[in-house]
Structure formats: structure tokens, C-alpha cells
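Below: the structure, in C-alpha cells.
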């Protein structure tokens with residue numbers, strides 16, 4: 001590329017990418033200081049991505065080398081949501097990650113654009129994701145691409161024993 005960056009391509013993930021995606025998830029968790037929270041395994045990811053009823057989709061960003069080979073440098077994992085207010089699907093970006101040695105290469109922008117193109121092609125009303133409030137480089141990156149914070153919303157979560165208690169009506 002004329003600006004000194006290497007060529008980045010984005011392609012759909014394949015089953016053979018699951019180990020790489022799992023490694024990227026570990027790197028992302030370490031960056032977010034949450035390594036102990038990762039319980040996924042390559043087998044669970046394989047099922048979620050490529051099982052009989054896939055729950056999620058993934059894209060791989062590759063840095064292309066002069067010999068035509070590609071090196072995976074990042075991924076985006078996303079799935080459909082549905083808005084009762086618009087009556088339309090949306091896309092939720094669960095993770096977007098670029099390896100530290102490839103940041104600034106254009107891989108993050110290429111992944112974000114690729115998911116946005118999928119959202120438009122599929123007629124989605126919105127494309128959303130979370131970003132940690134302390135991750136200023138990511139916030140700046142997203143704002144530069146037109147993202148707007150939804151500050152009036154807060155995330156609510158029920159998990160573990162609380163999820164079981166709610167499911168079994170053992171509240172209180």
C-alpha cells in the first residue's frame with residue numbers, strides 16, 4: 001500500500017481457524033485484564049461457529065505477504081439481534097481484536113467495515129457493540145468511524161447461581 005501499511009484482507013472464518021480465534025480470545029482477555037474469565041474452548045467455538053445451528057459468525061483479518069500467503073492478525077465475531085421497535089434484525093459485534101503487532105495496519109478498520117457491509121447487505125437496522133470505558137484508543141477508533149455512545153443504557157446481566165435462581169423462581 002502507498003501509505004506503508006501492508007495489504008490486509010478479510011475473509012469468513014473456516015473451521016481450521018478455530019485454534020487461532022481461541023488464541024486471539026486469550027490475547028483479548030489478557031488485554032482486558034480478564035484472562036481468568038475465559039472458559040471457552042476450541043471445541044465450544046467450533047460448535048458455536050460451525051455446528052448444526054451456528055450461534056455466531058466470524059471474520060479473519062489477514063496480513064498478506066509478498067509470496068501470497070496470509071497471516072491471521074485479527075478477528076471479528078458477530079451475531080444477529082432483533083429490535084422489536086424497528087421490526088428488523090441488527091448485528092451485535094461480540095469481539096473485534098487485532099494482535100498488538102498488527103495494530104495500525106488497517107486490520108481493525110477492515111474488520112469493522114466488513115461487518116458493516118454484512119449488516120447493510122442483510123438489511124439490518126443497526127450495528128452495535130460494547131467497548132470498555134477505559135479503552136480510549138478503541139473509543140477514539142470507533143468514534144472516527146461514526147459510532148455514537150448509547151450512554152443512557154446500562155448493561156444488566158444474570159449469570160451463574162443467580163441465573164439458576166431466576167430460572168427456578170428462587171428469588172429473594
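The values are calculated or read from the model by the stated rules, or taken from the named source; none is laboratory data. Just so you know, these numbers come straight off a predicted model, no measurement behind them. In this analysis, Cβ positions are derived from the backbone assuming ideal geometry, glycine residues included, and neighbour counts consider all displayed protein chains.
A few notes on this one:
- The set of residues from the stretch 80-103 being under 19 Å from residue 42 (Cβ atoms) and in a strand (DSSP E or B) comprises 94, 95, 97.
- The stretch 129-144 - residue that is more than 16 Å from residue 32 (Cα to Cα) and surrounded by 15 or more Cβ atoms within 10 Å (Cβ to Cβ) and, of those, modelled with the highest pLDDT: 142
- Breaking point among (1) assigned to a strand (DSSP E or B); (2) without any contact (Cβ under 8 Å) to a residue 60 or more places away in the chain; (3) more than 29 Å from residue 155 (Cβ to Cβ); (4) in contact with a helix residue (DSSP H, G or I) (Cβ under 8 Å, 6 or more places away or on another chain), for residue 71: (4)
- Of all residues making up the stretch 123-146, the number that are part of a loop (DSSP other than H, G, I, E, B), without any contact (Cβ under 8 Å) to a residue 40 or more places away in the chain and either over 21 Å from residue 91 (Cβ atoms) or touching a strand residue (DSSP E or B) at 6+ places or on another chain (Cβ under 8 Å) (or both): 3
- Filtered by the rule that a residue be in contact with a helix residue (DSSP H, G or I) (Cβ under 9 Å, 6 or more places away or on another chain), part of a loop (DSSP other than H, G, I, E, B), without any contact (Cβ under 8 Å) to a residue 24 or more places away in the chain and more than 19 Å from residue 99 (Cβ to Cβ), the stretch 32-58 gives 41, 54.
- In the set (1) more than 27 Å from residue 154 (Cα to Cα); (2) surrounded by fewer than 19 Cβ atoms within 10 Å (Cβ to Cβ); (3) under 16 Å from the mean Cα position of the chain (by Cα), the condition left unmet by residue 122 is number (3).
- Meets criteria (surrounded by 15 or more Cβ atoms within 10 Å (Cβ to Cβ), modelled with pLDDT of 95 or more, under 14 Å from the mean Cα position of the chain (by Cα) and not in a strand (DSSP E or B)) for residue 61: no
- For the stretch 147-172, the candidate set comprises residues that are assigned to a loop (DSSP other than H, G, I, E, B) and more than 24 Å from residue 130 (Cβ to Cβ); within that set, the residue that is modelled with the highest pLDDT is 168.
- Of residues in the stretch 1-37 being surrounded by 13 or more Cβ atoms within 10 Å (Cβ to Cβ) and within 19 Å of residue 92 (Cβ to Cβ), the one modelled with the lowest pLDDT: 32
- Tallying residues that are more than 18 Å from the chain's Cα centre (by Cα) and over 21 Å from residue 15 (Cβ atoms) within the stretch 64-90 yields 11.
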